[in-house]
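J.: Sending over a structure as structure tokens; questions will come in a sec.
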Amino acid sequence: MLSYKGKEYVCHLDWGFELIRGKWKAVILCHLSEGTKRFLELQRITGSVSQKVLNEQLKQLEEDGFISKTVYPEVPPRVEYNLTEKGNEIVPALKIIENWSLKHFSTLKKGSE
């Protein structure tokens, strides 16, 4: 067993998935792999995510070292998000899962079950 931040994990894989678990974290990481994004860009890309949830997910990704947040001293403030080295390292694994999904579920249409 592994222990991290007061939680127990069965193995390193379990802990690794905990860091990117949730509907939006992996999606955010994949989109940031394409380059710097601002908050509203990420909200548009993800579609149905609320501001509250997106803020929470971005904060967790930043706390876990996957992304960096840059706030520019402008009025209104401009905020940009980028992948860190740690974030860039996980992208190939996410792309493998994405490609596997394309291969096995390419006949599915958006909105169908």
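J.: Restricting the search to the range 1-22, which residues are in contact (Cβ under 8 Å) with a residue 24 or more places away in the chain and in a loop (DSSP other than H, G, I, E, B)?
T.: Gly22
Conditions tested, residue by residue: (1) basic (Lys, Arg); (2) under 15 Å from the mean Cα position of the chain (by Cα); (3) closer than 27 Å to Leu13 by Cβ.
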| residue | (1), (2), (3) |
| --- | --- |
| Glu62 | no, yes, yes |
| Gly65 | no, yes, yes |
| Thr84 | no, yes, yes |
| Ala93 | no, yes, yes |
| Asn99 | no, no, yes |
| Lys103 | yes, no, yes |
| Ser106 | no, no, yes |
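J.: Could you check the range 24-34 and list, in sequence order, the residues that are under 14 Å from Asn82 (Cβ atoms), touching a residue at least 12 places away in the same chain (Cβ under 8 Å) and assigned to a loop (DSSP other than H, G, I, E, B)?
T.: Matches in the range 24-34: Ser33 only.
J.: Restricting attention to the range 42-52, does a residue exist that is open to solvent by less than 50 Å² (accessible area, probe 1.4 Å), under 18 Å from Arg78 (Cβ atoms) and in contact (Cβ under 8 Å) with a residue 24 or more places away in the chain?
T.: Checking the range 42-52: at least one residue is open to solvent by less than 50 Å² (accessible area, probe 1.4 Å), under 18 Å from Arg78 (Cβ atoms) and in contact (Cβ under 8 Å) with a residue 24 or more places away in the chain.
The values are calculated or read from the model by the stated rules, or taken from the named source; none is laboratory data. Owing to the predicted nature of the structure, the values given are computational and were not obtained by experimental measurement. Methodologically, a virtual Cβ is constructed for each residue, glycine included, from the backbone with ideal geometry; neighbour enumeration extends over all protein chains shown. These area figures cover heavy atoms from the full protein model, side chains too; ligands, DNA and RNA do not enter into them. Shrake-Rupley method; radii C 1.70, N 1.55, O 1.52, S 1.80 Å.
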